[in-house]
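Written below as structure tokens is the structure these notes are about.
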Amino acid sequence: MSANTLTFWGHAFFEIITAPGKRILLDPWVVGNPLCPLEGIEDLNPDLVLVTHDHADHVGQAGEIVGQSNAVLIANVETAARIMRDSELPPERVLFGGYGMNIGATVEIDGIRVTQTQAFHSSSTGVATGYIIRLEDGATVYHAGDTGLFASMKVLAETHGIDTALLPIGNVFTMDSVQALKAVELIQPKLVIPMHYGTFPILTSTPDEFIAGVEKEFTQVEAMGLKPGESIEVLGKSMK
């Protein structure tokens, strides 16, 4: 049986390919992303495109990618409306017939469950969000989006179970490494992967200190820094 794979494409852009072959893009910033090794969006053919918030380095080319594929766009209500309008997407290409979703909601599409979570950040439309994605075999990925630290990360983990956590560490616009370490304590994932660092000169944090801190403080949590274009296998806590 095939395994779930997670690919880091730089900044906060990740791609999940599930064991049955479904493709999920999160914050697909390709064009203009100095870390993304992809030459364009032509070869991207996802089933779901998730956007955490309406900033250019996270919306990226979401509208264009949905328009060229059979994907469904998932975003906060106002952000979904803005992308749908500006990219001239028909309502059926956006979740719930053009409405999008709001924080706390869960949708299941072809065996994949997506829950939209809160994030503490700004957004040009709507509000900033994160996502908890439960794959067909039960493995769960939390993309925190751009966020500061908040105590109810622990509640999210207790409620949904989080195997893999994708956490921003870059400071300036999001948590720094110190706060991200506290987030790891709250979530207790099997694997944590840092993101949103090094893209711009202002984001001076590096994953080295964060990974060393995780290894020192949380022996049961694996920390891994992925290079853009690098992929790993995604497992659930009970899977080997």
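The values are calculated or read from the model by the stated rules, or taken from the named source; none is laboratory data. Quick caveat: nothing in here was measured; it's all calculated off a predicted structure. Note: ideal-geometry Cβ built from the backbone for every residue, glycine included; neighbour counts use all protein chains shown. SASA here: full protein model, heavy atoms, side chains in, ligands and nucleic acids out. Shrake-Rupley method; radii C 1.70, N 1.55, O 1.52, S 1.80 Å.
When region 127-146 is filtered for residues that are under 14 Å from the mean Cα position of the chain (by Cα) and not in a strand (DSSP E or B), the ones remaining, listed by number, are Ala128, Leu135, Ala144, Gly145, Asp146.
Looking at the structure I just gave you, is Ser177 more than 28 Å from Pro46 (Cα to Cα) and surrounded by fewer than 16 Cβ atoms within 10 Å (Cβ to Cβ)?
Values: more than 28 Å from Pro46 (Cα to Cα): yes; surrounded by fewer than 16 Cβ atoms within 10 Å (Cβ to Cβ): no.
Considered against the rule, which asks whether it is more than 28 Å from Pro46 (Cα to Cα) and surrounded by fewer than 16 Cβ atoms within 10 Å (Cβ to Cβ), Ser177 comes out as no.
Residue-wise test of (1) aromatic (Phe, Trp, Tyr); (2) under 24 Å from Met224 (Cβ atoms).
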{"site": "Trp9", "(1), (2)": "yes, yes"}
{"site": "Pro20", "(1), (2)": "no, no"}
{"site": "Pro46", "(1), (2)": "no, yes"}
{"site": "His58", "(1), (2)": "no, yes"}
{"site": "Asn70", "(1), (2)": "no, no"}
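Entry remark, region 136-177: residues being in contact with a Ser or Thr (Cβ under 7 Å, 6 or more places away or on another chain), acidic (Asp, Glu) and in contact (Cβ under 8 Å) with a residue 60 or more places away in the chain number 3 in total.
The criterion of at least 1 residues that are touching a residue at least 60 places away in the same chain (Cβ under 8 Å) and buried (at least 21 other Cβ atoms within 10 Å of the Cβ) is met by the following strands (runs of 3 or more DSSP E) wholly inside region 39-126: 48-50. Of the residues in region 209-233, how many are under 27 Å from Thr18 (Cβ atoms), crowded, with 16+ Cβ neighbours inside 10 Å and in contact with a Pro (Cβ under 8 Å, 6 or more places away or on another chain)? The total comes to 5. The residues of region 184-202 that are under 15 Å from Gly148 (Cα atoms) and either assigned to a strand (DSSP E or B) or of a type outside the set (Ser, Thr, Tyr) (or both), listed by number, are Val184, Glu185, Leu186, Ile187, Pro194, Met195, His196.
Could you tell me whether any residue of region 54-65 is under 10 Å from the mean Cα position of the chain (by Cα) and under 24 Å from Gly138 (Cβ atoms)?
At the first step, the residues of region 54-65 found to be under 10 Å from the mean Cα position of the chain (by Cα) are 58.
After this cut, where a residue has to be under 24 Å from Gly138 (Cβ atoms) as well, the list is none.
Scanning region 54-65 turns up no residue that is under 10 Å from the mean Cα position of the chain (by Cα) and under 24 Å from Gly138 (Cβ atoms).
Here Thr140 does not fit the description of being among the β-branched types (Val, Ile, Thr) and surrounded by fewer than 22 Cβ atoms within 10 Å (Cβ to Cβ).
Restricting attention to region 128-171, the residues that are of a type in the set (D, E, K, R) and in contact with a helix residue (DSSP H, G or I) (Cβ under 6 Å, 6 or more places away or on another chain) add up to 1. Of the residues making up region 106-150, just one is closer than 23 Å to Gly10 by Cα and among the basic types (Lys, Arg), namely Arg134. Restricting region 203-212 to residues that are in a helix (DSSP H, G or I) and either aliphatic (A, V, I, L, M) or under 18 Å from Thr164 (Cβ atoms) (or both) leaves a set whose member that is farthest from the chain's Cα centre (by Cα) is Ala212.
Among the candidates Pro20, Pro28, Pro34, the residue that is more than 18 Å from the chain's Cα centre (by Cα) and under 21 Å from Leu166 (Cβ atoms) is uniquely Pro34. Counting only residues that are in contact with a His (Cβ under 7 Å, 6 or more places away or on another chain) and open to solvent by 20 Å² or more (accessible area, probe 1.4 Å), how many does region 1-38 have? The qualifying residues number 2.
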